[in-house]
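Worksheet: one structure, shown below.
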Amino acid sequence: MNNKQTLIKQLSNILPKRQLLHELEDLKPYECDALSAYQTVPLAVALPDNITQLKEILSVCYKDNIPVVARGAGTGLSGGALPHENGLLLSLAKFKNIISIDENNFTAVVQPGVRNLAISEAAKEYGLYYAPDPSSQIACSIGGNVAENAGGVHCLKYGLTVHNIIKLKVLTIDGDELTIGCDAFDSPGYDLLALLTGSEGMLAIITEITVKLLPLPAVAKVMMISFDDIAVAGQAVSDVIGAGIIPAGLELMDNAAIKAADDFVHAGYPHDAAAILLCEIDGSIEEVEDQLKHAEQIFEASGATKIQIAKDEQQRAQFWAGRKAAFPAVGRLSPDYYCMDGTIPRHQIANVLKRITDLSNEYNQTVVNVFHAGDGNLHPLILFDANNEGELERTEELGGKILDYCVEVGGTITGEHGVGIEKINQMCGQFNSDEITQFHAIKTAFDEKQLLNPGKNIPTLQRCAEFGAMHVHHGKLPHPELERF
Ligand SMILES: Cc1cc2nc3c(=O)[nH]c(=O)nc-3n(C[C@H](O)[C@H](O)[C@H](O)COP(=O)(O)OP(=O)(O)OC[C@H]3O[C@@H](n4cnc5c(N)ncnc54)[C@H](O)[C@@H]3O)c2cc1C
């Protein structure tokens with residue numbers, strides 16, 4: 001019997017037939033996440049629905065050295081849930097129960113397959129909500145959010161996923177059941193909660209999450225600010241936050257994004273603006289009125305050409321609908337687009353946008369910008385056609401240059417989408433070899449056999465040497481023994 005047959009034989013003792021997929025036509029839908037440029041068919045897909053099954057599956061894989069790739073909703077944009085060709089794809093989609101909501105402590109205990117938006121929908125009857133709101137929140141799972149440390153429009157004011165969870169239950173590949181964090185505000189020992197958040201399925205399988213909930217604000221208002229120069233819009237972002245206003249969301253869209261989103265969902269955006277900002281202020285009625293006035297003055301002084309405050313809830317929803325639909329809207333402009341995700345210090349936005357324009361001209365490829373401006377979290381969308389030979393490679397090269405520049409100005413190669421397979425080479429520039437060695441040591445402490453999501457997130461030093469981007473510190477070439485290409 002080959003590997004696949006042995007695995008299926010063992011897993012069929014654990015899972016009913018409908019929860020174990022192994023025919024090619026059943027595996028195909030799982031061959032990629034939302035980064036569809038990379039595709040691999042796994043040996044099998046397991047869809048357990050309880051912890052006993054999950055433990056037994058991990059035990060089989062551990063014993064037989066089968067790689068395991070966890071998958072939530074598969075909306076990841078960095079190839080994190082890309083299957084391993086000799087491995088098992090472990091779907092957590094059936095773990096979709098909201099176990100409890102504690103309206104007094106403002107927490108909810110949820111299973112990893114629960115959709116992000118479903119938490120806020122369930123908490124609404126208690127006047128509560130879950131703050132991190134990725135644009136994919138209608139579909140993405142909270143387990144995937146934890147594994148990617150997802151962000152969203154509201155994260156500027158309320159923090160990323162890591163700031164909005166207090167406890168995790170996880171299973172390690174060798175069968176340990178760990179409770180990480182606790183129900184109190186702080187827990188002793190190393191902060192493993194932060195370590196597990198953003199660990200991209202590399203350290204453990206997340207089986208339960210306790211999230212923080214917040215009271216729904218009394219009022220939230222959004223203003224749309226138009227500019228005739230994108231760099232001026234970028235500078236206005238710094239100006240408003242520098243004035244002490246922390247909006248609940250502050251998003252920037254350039255002209256191409258404005259037109260694409262407006263044509264798609266009729267959001268009421270101005271087609272002649274070079275850029276718009278959507279700035280949401282929430283809180284008590286007095287607080288919101290006060291801050292809106294203050295923000296208006298700042299934006300005027302920054303060079304805004306028009307400021308429009310949504311007149312009612314319907315218009316507010318309409319303004320946001322355009323932003324939330326911007327990615328699929330841009331998807332209508334060209335056969336393919338590549339979504340980058342770099343983060344930079346806010347005061348660098350205008351400068352980096354200029355550099356992106358220069359690179360876009362140099363490569364003769366359109367780049368559309370729509371992003372979480374308040375966080376300095378850029379999402380350049382590079383348009384291309386994968387059917388044209390070499391275009392994907394050129395696009396990746398252009399994207400790599402944008403990320404390199406983010407690092408150069410003091411930023412990072414990922415804001416919220418993770419490293420996955422997509423940005424693994426850029427990790428070599430972001431971190432030096434000692435730092436990468438420490439990452440590997442942590443991986444090994446959790447997963448000695450390197451079975452969880454192998455080949456993702458942390459590059460080998462060999463890979464960095466081959467990529468030619470090993471971080472040179474004080475002019476000292478690390479690991480000179482490794483062959484360079
Ligand atoms: C249109 C669109 C808009 C988006 N907007 C945003 C945005 O605003 N902000 C943002 O942060 N992201 C955004 N994303 C990216 C994506 O939605 C997030 O990264 C999300 O957190 C992924 O969740 P998922 O359930 O789809 O995870 P998957 O894609 O299935 O998996 C992501 C990673 O998590 C791991 N994983 C999943 N579940 C578990 C588990 N239970 N235990 C251990 N590891 C696990 C996987 O192995 C993989 O490495 C967007 C994506 C799309 C397509």
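The values are calculated or read from the model by the stated rules, or taken from the named source; none is laboratory data. Treat the numbers as computed from the prediction; the structure is a model and nothing was measured. With ideal geometry, Cβ positions are generated from the backbone for all residues, glycine too; neighbour counts draw on all protein chains shown. These accessible areas exclude ligands, DNA and RNA; they are computed on the full protein's heavy atoms, side chains included. Shrake-Rupley method; radii C 1.70, N 1.55, O 1.52, S 1.80 Å.
A few notes on this one:
- Test for Pro132: is it free of Cβ contacts under 8 Å to residues at least 40 places away in the same chain, in a loop (DSSP other than H, G, I, E, B) and crowded, with 24+ Cβ neighbours inside 10 Å: yes
- Among residues of segment 375-397 that are in a helix (DSSP H, G or I), those with a beta-carbon under 7 Å from a residue that is not hydrophobic (A, V, I, L, M, F, W, C) at least six positions away or on a different chain give the pairs Asp375/Gly151; Asp375/Thr343; Asp375/Gly415; Glu391/Asp385; Arg394/Tyr363; Thr395/Tyr338; Thr395/Gln365.
- Segment 96-118, subset outside any strand (DSSP E or B) and either of a type in the set (A, V, I, L, M) or in contact with a Pro (Cβ under 7 Å, 6 or more places away or on another chain) (or both), residue nearest to the ligand (Cβ to nearest atom): Asn116
Table: residues versus (1) touching a residue at least 60 places away in the same chain (Cβ under 8 Å); (2) assigned to a helix (DSSP H, G or I).
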site	(1), (2)
Lys124	yes, yes
Ala139	yes, no
Ala147	yes, yes
Leu156	yes, yes
Lys169	no, no
Gly175	yes, no
Ile180	no, no
Asp186	no, no
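- When each of Ala350, Ala373 is tested for being away from the ligand (no atom under 16 Å from the Cβ) and either in contact with a helix residue (DSSP H, G or I) (Cβ under 9 Å, 6 or more places away or on another chain) or closer than 29 Å to Tyr269 by Cβ (or both), the lone residue that passes is Ala350.
- Scanning segment 428-452 for residues that are part of a helix (DSSP H, G or I), farther than 19 Å from Ile180 by Cβ and not hydroxyl-bearing (Ser, Thr, Tyr) yields a count of 8.
- Which numbered condition Thr412 fails, given (1) open to solvent by less than 40 Å² (accessible area, probe 1.4 Å); (2) within 16 Å of the ligand (Cβ to nearest atom); (3) farther than 23 Å from Cys32 by Cα: (1)
- Residues of segment 1-54 satisfying the condition of being touching a Gly at 6+ places or on another chain (Cβ under 9 Å), buried (at least 20 other Cβ atoms within 10 Å of the Cβ), not in a helix (DSSP H, G or I) and not aliphatic (A, V, I, L, M): Asp33, Pro42
- For segment 62-81, a residue qualifies if it is of a type outside the set (Lys, Arg) and more than 14 Å from the ligand (Cβ to nearest atom), and the qualifying residues are Tyr62, Asp64, Asn65, Ile66.
- Qualifying positions in segment 184-211 - in contact with a strand residue (DSSP E or B) (Cβ under 6 Å, 6 or more places away or on another chain) and of a type in the set (D, E, K, R): Glu208
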